[in-house]
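Read the structure below first, then the notes.
The values are calculated or read from the model by the stated rules, or taken from the named source; none is laboratory data. What you are looking at is a predicted structure, and each value in this text was computed from that prediction instead of being measured. All Cβ positions, even for glycine, are placed from backbone atoms using ideal geometry, and neighbour counts span all protein chains on display.
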Amino acid sequence: MTTLLLIEQVLNGLQFGVMLFLMAAGLTLIFGVMGLINLAHGSLYMIGAFAAAAVAGWTGNFFLALVASLIAAAIIGALIELTVIRRLYDRDHLEQVLATFALILIFSEATRWVFGSFPLFLNIPDVLNGTVTLPGGIQYSLYRLTIILIGLAVAAGLFLLISKTRVGMRIRAGENDREMIAALGVDISVLYTMVFALGAALAGLSGALVGAIQSVEVGMGEPVLILAFVVIVIGGIGSIKGALAGAILVGLTDTLGRTMLPVIFGTFMEPSAATTVGSALASMLIYILMAGVLLYKPTGLFGST
Amino acid sequence: MMRERHINMIILALLVLVPTYAHFAEEPFTITLATRAVIFALAGVGLNLALGQGGLVSFGHAAYFGMGGYAMGILASHAQNYEPIMEVPFLIEGTNSMPVIWLVAIVMSALLALLIGALSLRTTGVYFIMVTLAFGQMFYYFTISWPAYGGEDGLSIYVRNQFPGMNTLDPIQFFSICFVLLCAVLFLVNRLNKSPFGLALNGAHQNEERALTVGINVYRVRLVAFVISGAITGLAGALFADLNRFVSPTMFSWQISGEIMIFIILGGVARLFGPVAGAALYIMLEHFLGGLSEYWFIYLGAILLFVVLFAKGGIIGKLSRKEISHDG
């Protein structure tokens with residue numbers, strides 16, 4: 001394996017990682033502030049991708065499509081928070097899981113009803129098509145590089161929002177003691193709706209960005225949702241920093257495992273068996289990573305006690 | 001207002017009467033539906049032991065359901081092709097005998113539950129839900145990428161496996177086998193719930209600190225409950241594979257884990273017959289709503305949402321007007 005290919009795979013892993021971060025950030029924020037486990041987060045990812053594909057189909061403009069994904073996911077997010085989710089904050093986790101599972105069923109079938117069962121396609125805009133030459137002579141897809149930059153920019157923005165602004169201060173206060181900040185006159189229910197809509201918008205953006213690489217179809221959200229769970233279990237629930245570290249770790253492990261393991265097994269096995277064993281093991285690698293982290297630190301790398 | 005025990009008896013009676021009627025009316029499809037309901041109920045009874053009694057919200061029971069399915073698929077496919085599973089260091093051959101397959105399914109899913117439980121029980125609450133979900137998904141992807149037993153396409157078994165003295169291809173006879181197994185498991189689980197072990201498990205669910213203070217090894221009690229729970233669900237998986245004569249990675253998918261949970265919540269959490277009532281209701285909804293609309297999952301989702309938000313205690317809770325089970 002050449003160094004160039006290896007660097008390309010590292011970049012791919014990074015791109016996958018920042019996409020997972022956009023999903024995991026919303027989940028971990030919602031859990032940290034409201035104590036809610038939200039399975040419907042995958043549906044918001046799907047809604048973002050479908051909104052983007054529909055708007056790109058009407059207008060032909062990819063950037064309008066991205067804005068549409070943010071707005072659609074945020075609005076749907078705020079709506080389900082106001083109607084369903086807010087009744088779940090005081091319930092136990094089992095009821096939260098089942099109610100949000102019911103939301104997945106409703107959203108998936110409703111999307112199938114509106115858009116049909118066939119996948120939609122979202123094209124990469126011409127400006128971002130093609131490759132760029134990175135220092136060292138590496139050719140890399142401009143679109144994937146843009147995704148990495150958008151992801152890192154969102155991560156930076158989120159850190160600033162939470163550590164420097166008044167809203168962020170309230171979010172942190174809400175994580176620590178929700179009764180106290182309600183008593184201090186902060187309208188906690190508005191804060192909750194905002195946090196939920198913010199998480200939803202990030203999931204929608206992530207769905208739209210990935211939708212241009214893969215196809216946009218019903219059920220696209222749940223595999224990503226489960227990976228995002230792995231990410232926040234590794235990083236520690238409630239920690240944005242943990243979500244970023246966990247996402248990059250999972251992205252790199254998965255991508256590198258899929259390319260490297262068959263090669264590594266190939267050094268001492270016959271090629272066809274090496275491919276089989278290597279790819280089967282690669283599909284389990286991130287879960288093994290999660291098991292390892294659980295053995296070492298059950299609350300995740302950045303989790304509190 | 002009815003006593004919960006009477007409701008349970010009515011549920012069991014209906015589960016016998018409907019397929020018996022269908023047998024004489026020559027409607028084999030109804031018998032198959034009832035068999036599905038019984039098998040799903042068995043899977044639910046398994047999960048209910050961990051989830052209802054133990055408070056361990058496992059979102060990965062598809063792993064054991066699928067493990068049971070693949071135990072059946074692998075053994076039966078080797079018997080079908082006359083190829084031994086392994087020859088060195090000792091010979092293991094495939095089989096098409098149901099009791100052997102059940103035993104293998106139970107042992108394999110118990111071992112898997114031991115492994116997953118030992119890791120997952122280090123965490124609690126929402127971590128536990130996510131970790132069990134992730135481990136379930138791991139086996140889903142593994143079976144897809146492992147080509148030896150059909151990979152993504154799954155594995156077809158052409159003839160249903162044999163049970164001594166019965167014609168298993170006759171729907172009513174296969175239904176009877178599944179029904180007797182369900183009753184046996186219900187009896188055992190009921191005994192287990194009332195045993196010191198079951199009381200310790202329930203005690204640890206209600207107040208972990210007190211259970212620890214009186215000297216209960218909470219981790220070990222939970223792990224044992226988790227293993228038994230996985231083994232029962234694995235048995236259900238083997239029966240389900242035999243019903244369809246087909247296994248595929250879908251049996252490992254997270255939707256199956258979710259559905260098994262739905263049976264419990266529809267029927268009533270921590271009630272012995274909750275999953276039985278829930279699975280029967282689910283199959284009826286699937287059959288009637290599925291006939292009404294292609295998009296019946298929307299209605300299922302709406303019903304589930306309503307039950308979770310407004311009807312605590314499930315159907316049995318509604319019928320007996322008690323939110324918590326007090327059966328004695």
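Having 2 or more residues that are of a type in the set (Lys, Arg) and farther than 13 Å from A:Gly26 by Cα is the bar; report the helices (runs of 4 or more DSSP H) wholly within segment A:149-219 that clear it.
Qualifying helices (runs of 4 or more DSSP H): A:166-176.
On the basis of being loosely packed, with under 14 Cβ neighbours inside 10 Å and either at positive phi or within 20 Å of the chain's Cα centre (by Cα) (or both), does A:Ala156 make the cut?
Working: loosely packed, with under 14 Cβ neighbours inside 10 Å: yes; either at positive phi or within 20 Å of the chain's Cα centre (by Cα) (or both): yes.
So A:Ala156 passes the test.
Rundown of residues vs (1) modelled with pLDDT under 95; (2) under 19 Å from B:Ala270 (Cα atoms); (3) surrounded by 24 or more Cβ atoms within 10 Å (Cβ to Cβ); (4) acidic (Asp, Glu), yes/no style:
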{"site": "B:Ile10", "(1), (2), (3), (4)": "yes, yes, no, no"}
{"site": "B:Leu15", "(1), (2), (3), (4)": "yes, no, no, no"}
{"site": "B:Tyr21", "(1), (2), (3), (4)": "yes, no, no, no"}
{"site": "B:Phe24", "(1), (2), (3), (4)": "yes, no, no, no"}
{"site": "B:Pro28", "(1), (2), (3), (4)": "yes, no, no, no"}
{"site": "B:Ala41", "(1), (2), (3), (4)": "no, yes, yes, no"}
{"site": "B:Gly44", "(1), (2), (3), (4)": "no, yes, yes, no"}
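Restricting segment B:89-136 to residues that are surrounded by fewer than 21 Cβ atoms within 10 Å (Cβ to Cβ) and among the hydroxyl-bearing types (Ser, Thr, Tyr), which is nearest to the other protein chains (Cβ to nearest Cβ)?
B:Thr123
Tally the residues that are crowded, with 24+ Cβ neighbours inside 10 Å, on the phi < 0 side of the Ramachandran plot and of a type in the set (Gly, Ala, Ser), restricting the search to segment B:250-282.
Of the residues in segment B:250-282, 7 are crowded, with 24+ Cβ neighbours inside 10 Å, on the phi < 0 side of the Ramachandran plot and of a type in the set (Gly, Ala, Ser).
Given the conditions (1) within 13 Å of another protein chain (Cβ to nearest Cβ); (2) without any contact (Cβ under 8 Å) to a residue 12 or more places away in the chain, which single one is not true for A:Pro271?
A:Pro271 satisfies every listed condition except (1).
Part of a helix (DSSP H, G or I) and more than 10 Å from every other protein chain (Cβ to nearest Cβ): does that describe A:Leu289?
It is true that A:Leu289 is part of a helix (DSSP H, G or I) and more than 10 Å from every other protein chain (Cβ to nearest Cβ).
Tell me the residue from A:Glu222, A:Glu175 that is surrounded by fewer than 24 Cβ atoms within 10 Å (Cβ to Cβ), closer than 17 Å to A:Phe302 by Cβ and out of contact with any Cys (no Cβ under 8 Å at 6 or more places or on another chain), please. Working first, answer last.
Working: A:Glu222 fails: closer than 17 Å to A:Phe302 by Cβ.
Going through A:Glu222, A:Glu175 in turn, just one is surrounded by fewer than 24 Cβ atoms within 10 Å (Cβ to Cβ), closer than 17 Å to A:Phe302 by Cβ and out of contact with any Cys (no Cβ under 8 Å at 6 or more places or on another chain): A:Glu175.
So in segment B:257-290, with the set limited to residues that are in contact (Cβ under 8 Å) with a residue 60 or more places away in the chain, part of a helix (DSSP H, G or I) and within 12 Å of another protein chain (Cβ to nearest Cβ), which one is nearest to the chain's Cα centre (by Cα)?
B:Ile260
Do we find a residue being farther than 19 Å from B:Tyr64 by Cα, within 14 Å of chain A (Cβ to nearest Cβ) and either in contact with a helix residue (DSSP H, G or I) (Cβ under 9 Å, 6 or more places away or on another chain) or outside any loop (DSSP other than H, G, I, E, B) (or both) anywhere in segment B:183-206?
Within segment B:183-206, one or more residues are farther than 19 Å from B:Tyr64 by Cα, within 14 Å of chain A (Cβ to nearest Cβ) and either in contact with a helix residue (DSSP H, G or I) (Cβ under 9 Å, 6 or more places away or on another chain) or outside any loop (DSSP other than H, G, I, E, B) (or both).
Consider A:Leu295 carefully, then state whether it is aliphatic (A, V, I, L, M), in a helix (DSSP H, G or I) and either more than 12 Å from chain B (Cβ to nearest Cβ) or touching a residue at least 12 places away in the same chain (Cβ under 8 Å) (or both).
no
Any idea which residue in segment A:98-110 is nearest to the other protein chains (Cβ to nearest Cβ), counting only those that are farther than 11 Å from B:Leu304 by Cβ and surrounded by 19 or more Cβ atoms within 10 Å (Cβ to Cβ)?
Checking each candidate, the answer is A:Glu109.
Tally up the residues in segment A:83-101 that are touching a Phe, Trp or Tyr at 6+ places or on another chain (Cβ under 8 Å), closer than 12 Å to A:Met34 by Cα and in a helix (DSSP H, G or I), please.
Of the residues in segment A:83-101, 2 are touching a Phe, Trp or Tyr at 6+ places or on another chain (Cβ under 8 Å), closer than 12 Å to A:Met34 by Cα and in a helix (DSSP H, G or I).
Quick one: is B:Gly278 modelled with pLDDT under 90 and not hydroxyl-bearing (Ser, Thr, Tyr)?
On the way: modelled with pLDDT under 90: no; not hydroxyl-bearing (Ser, Thr, Tyr): yes.
No, not satisfied.
Looking at segment B:120-177, which of its residues are touching a strand residue (DSSP E or B) at 6+ places or on another chain (Cβ under 9 Å), part of a helix (DSSP H, G or I) and more than 30 Å from A:Ile288 (Cα to Cα)?
B:Gln173, B:Phe174, B:Ser176, B:Ile177
Within segment A:58-67, track down each residue that is small (Gly, Ala, Ser), without any contact (Cβ under 8 Å) to a residue 24 or more places away in the chain and under 17 Å from A:Gly207 (Cβ atoms).
none
Between residues in segment A:79-102 that are among the charged types (D, E, K, R) and residues that are modelled with pLDDT of 90 or more and in a helix (DSSP H, G or I), which pairs lie under 6 Å by C-beta distance while being six or more apart or on different chains?
A:Glu81/A:Thr193; A:Glu81/A:Phe196
Just to check your reading of the model, which residue among A:Ala54, A:Ala72, A:Ala78, A:Ala65 is modelled with pLDDT of 95 or more and closer than 15 Å to A:Ala208 by Cβ?
A:Ala72
Within the set of pairs 6+ apart or on separate chains, which have a first residue in segment A:118-135 that is in a strand (DSSP E or B), a second that is of a type in the set (Asp, Glu), and C-beta atoms under 9 Å apart?
A:Leu120/A:Glu217
Consider B:Phe246 carefully, then state whether it is modelled with pLDDT of 90 or more, of a type outside the set (Val, Ile, Thr), surrounded by fewer than 24 Cβ atoms within 10 Å (Cβ to Cβ) and farther than 30 Å from B:Ser320 by Cα. Spell out how you get there, then give the answer.
Values: modelled with pLDDT of 90 or more: yes; of a type outside the set (Val, Ile, Thr): yes; surrounded by fewer than 24 Cβ atoms within 10 Å (Cβ to Cβ): yes; farther than 30 Å from B:Ser320 by Cα: yes.
So B:Phe246 fits the description; yes.
So which residues in segment B:210-227 are farther than 18 Å from B:Arg122 by Cβ and in a helix (DSSP H, G or I)?
So the first thing to find is which residues in segment B:210-227 are farther than 18 Å from B:Arg122 by Cβ, and the list is B:210, B:213-215.
Result: B:Arg210, B:Thr213.
Residue check: is A:Val127 hydrophobic (A, V, I, L, M, F, W, C) and within 11 Å of chain B (Cβ to nearest Cβ)?
No.
For segment A:219-240, name all the residues that are modelled with pLDDT of 90 or more and more than 13 Å from chain B (Cβ to nearest Cβ).
A:Met220
Of these, A:Phe159, A:Phe196, which one is touching a residue at least 40 places away in the same chain (Cβ under 8 Å), within 30 Å of A:Asn123 (Cα to Cα) and among the aromatic types (Phe, Trp, Tyr)? Break it down into steps so the answer makes sense when it comes.
Numbers: A:Phe159 fails: within 30 Å of A:Asn123 (Cα to Cα).
Only one candidate passes the filter, namely A:Phe196.
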